[in-house]
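Comments concern the structure below.
The values are calculated or read from the model by the stated rules, or taken from the named source; none is laboratory data. Quick caveat: nothing in here was measured; it's all calculated off a predicted structure. Glycine gets a Cβ as well: all are built from the backbone with ideal geometry, and neighbour counts include every protein chain shown. Note: areas computed on protein heavy atoms with side chains; ligands, DNA, RNA excluded. Shrake-Rupley method; radii C 1.70, N 1.55, O 1.52, S 1.80 Å.
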Amino acid sequence: MGRGERPTRGIVSPAVFLPALERHGLLDEGLHLQMHQALAVHEHARCQGSLLNMAFNLSASQLANRELAGNIKQILQSHSVAGSHVTFEITESGLLETPNVSLESLVRLRMMGCRLSIDDFGAGFSSMQRLCQLPFNEIKLDAEFVRNLKHEPRCLAVIGSTLALGEALDMSVVIEGIETAEQHRALLALGCTLGQGYWHARPMSGSDLLGWLHHSAAAVGSRS
């Protein structure tokens, strides 16, 4: 989920504005607007030679909407983007009680080729049984485990076990909250290949992202 930006308050976290959108029934409208904006950036990046995967948050209430998958399919088609180039993230706590209509939405999204990610894994209390029942193909381990990595040895075991679980279930594992080179080195030693956090890049606008991709590609080219 992207950040909001206000002239007087600067960057606003999704944790601040998402509850307000949900209270006013604007989550779907916000998702559609965000997808159109992000997929336009996707198209520009593709023209520059970078093929991105764009990730979007979904709430449990949105999954209960039978029109969700159809609306998403129309947006993807309007930008000529394949479902395999987008990921939808649902928090672990939102999956505790998944009604049949929500499961139907998840299955339809997977049938469209979209990736499904369990966000903040380890922060909720969903069972391993639910993990096996639902059609997810990605786990995003909660950032709290990385934050405590240096001072709490058991976090190292949790991260290693989650990586092993992902491999056993044929699911990608993304480690959230990487902020230092020390954390990055420790995770690489554990076999982590996918990460997210300020060590990689800070939140940025679509135009800044395109510039960042261009400069990154130029830097790689100069070293080769």
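Table for the structure above
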{"read-out": "Test: residue in region 210-222 that is in contact with a Gly (Cβ under 8 Å, 6 or more places away or on another chain), of a type in the set (V, I, T) and open to solvent by less than 90 Å² (accessible area, probe 1.4 Å)", "value": "no"}
{"read-out": "Some residue of region 90-97 being among the aliphatic types (A, V, I, L, M) and at pLDDT below 75", "value": "yes"}
{"read-out": "Residue within region 201-209 that is under 15 Å from the mean Cα position of the chain (by Cα) and either outside any loop (DSSP other than H, G, I, E, B) or surrounded by 15 or more Cβ atoms within 10 Å (Cβ to Cβ) (or both) present", "value": "no"}
{"read-out": "Single match in L187, L163 (criterion: out of contact with any Asp or Glu (no Cβ under 8 Å at 6 or more places or on another chain), free of Cβ contacts under 8 Å to residues at least 60 places away in the same chain and closer than 30 Å to G49 by Cβ)", "value": "L187"}
{"read-out": "Residue that is surrounded by the most Cβ atoms within 10 Å (Cβ to Cβ), among those in region 142-174 that are acidic (D, E) and under 30 Å from V101 (Cβ atoms)", "value": "D142"}
{"read-out": "Qualifying residue in region 203-217 (condition: under 30 Å from L109 (Cα atoms) and in contact with an Asp or Glu (Cβ under 7 Å, 6 or more places away or on another chain))", "value": "no"}
{"read-out": "Members of region 142-173 that are within 25 Å of V107 (Cβ to Cβ) and part of a loop (DSSP other than H, G, I, E, B)", "value": "L169, D170, M171"}
